[in-house]
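Peer 1: Handing you a structure now.
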Amino acid sequence: LLDRRNDAVLATAMNGAPLTPDHGFPARAFVPGVPGARSVKWVQSVALKKGPSEQPWNQYYYKDAAAVEIQSLPLQSLILSANATSTTATLKGVAYGGGSGLAVKRVEVSSDDGATWRDATLLKEAAPDDSAGAYGWVRWSLDAPLAGSATFVCRATDAVGTTQPEVAPKNR
């Protein structure tokens, strides 16, 4: 977690205004690529320790099926909308590179439950100063030919070629 590449911050303001209690006043930890449960709200002090916190969120919750702490998010994608005519399905969705900090380089969509795949178009919006790095969601779209019924699924691939698993890892 304490790594210069993580760009961790303690935020006291959001969009030019002081944080409200709902958003974590007086300060909120923010660590890109790390689950939101690790971005603690209402920070009043900071203590550096060699081991994990003794709080229940760290001791029991936010662990995987093997009881290992979840410190990063998985590569993932999802279909947000699907509109069909008799010949074409227009699909739109988002993909996220997970906690690796690697950019999403490809999203594929299948209309036959994963037997064959078509590349979607990534709709990249540049951050004003590239401060978002690869930790943001990437929108995508695809116009797929449609002949009869279809079962659509999608998958993302990151910059080093890791492809989203078919089944997400189980959490506790």
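The values are calculated or read from the model by the stated rules, or taken from the named source; none is laboratory data. The shown structure was predicted, so the numbers you read here are calculated from the model rather than taken from an experiment. Positions of Cβ are backbone-derived with ideal geometry, glycine not excepted, and every protein chain shown enters the neighbour counts. Keep in mind that these areas ignore ligands, DNA and RNA; they rest on the heavy atoms of the full protein, side chains included. Shrake-Rupley method; radii C 1.70, N 1.55, O 1.52, S 1.80 Å.
Peer 1: Scan region 84-99 for residues that are farther than 19 Å from ASP112 by Cβ and over 10 Å from the mean Cα position of the chain (by Cα) and jot them down.
Peer 2: Our first condition is that a residue be farther than 19 Å from ASP112 by Cβ; within region 84-99, this holds for 92, 94-99.
Answer for region 84-99, where residues must be farther than 19 Å from ASP112 by Cβ and over 10 Å from the mean Cα position of the chain (by Cα): just LYS92.
Peer 1: Pairs please, first residue from region 61-86 and free of Cβ contacts under 8 Å to residues at least 24 places away in the same chain, second anywhere and not β-branched (Val, Ile, Thr), Cβ atoms under 6 Å, 6+ apart in sequence or on different chains.
Peer 2: Short answer, once both residue conditions are applied: GLU69/LYS63; LEU80/LYS92; LEU80/GLY93; SER81/LYS92.
Peer 1: A further question on this structure: Tell me, yes or no, whether region 59-72 has at least one residue that is outside any helix (DSSP H, G or I), crowded, with 17+ Cβ neighbours inside 10 Å and among the aliphatic types (A, V, I, L, M).
Peer 2: Yes, region 59-72 contains a residue that is outside any helix (DSSP H, G or I), crowded, with 17+ Cβ neighbours inside 10 Å and among the aliphatic types (A, V, I, L, M).
Peer 1: Quick one: in region 130-172, which of the residues that are among the charged types (D, E, K, R) and under 22 Å from ILE70 (Cβ atoms) is modelled with the lowest pLDDT? Steps first, answer last, please.
Peer 2: Within region 130-172, the first condition is being among the charged types (D, E, K, R), and the residues that meet it are 130, 139, 143, 155, 158, 166, 170, 172.
Checking which are under 22 Å from ILE70 (Cβ atoms) leaves us with 155, 158, 166, 170, 172.
Values: ARG155: 96, ASP158: 91, GLU166: 87, LYS170: 69, ARG172: 61.
Per the criteria, the residue is ARG172.
Peer 1: Run down VAL138, VAL31, VAL43 and say which single residue is within 22 Å of THR162 (Cα to Cα) and either open to solvent by less than 60 Å² (accessible area, probe 1.4 Å) or touching a helix residue (DSSP H, G or I) at 6+ places or on another chain (Cβ under 6 Å) (or both). Can you show your working first?
Peer 2: Details: VAL31 fails: within 22 Å of THR162 (Cα to Cα); VAL43 fails: within 22 Å of THR162 (Cα to Cα).
After ruling out the rest, the residue left standing is VAL138.
Peer 1: Scan region 107-121 for residues that are open to solvent by 10 Å² or more (accessible area, probe 1.4 Å) and either at pLDDT 95 or above or assigned to a loop (DSSP other than H, G, I, E, B) (or both) and jot them down. If you could, list the steps in order and put the result at the bottom.
Peer 2: Of all residues in region 107-121, those open to solvent by 10 Å² or more (accessible area, probe 1.4 Å) come to 108, 111-121.
If the condition is that a residue be open to solvent by 10 Å² or more (accessible area, probe 1.4 Å) and either at pLDDT 95 or above or assigned to a loop (DSSP other than H, G, I, E, B) (or both), then GLU108, SER111, ASP113, GLY114, ALA115, THR116, TRP117, ARG118, ASP119, ALA120, THR121 are the ones that fit.
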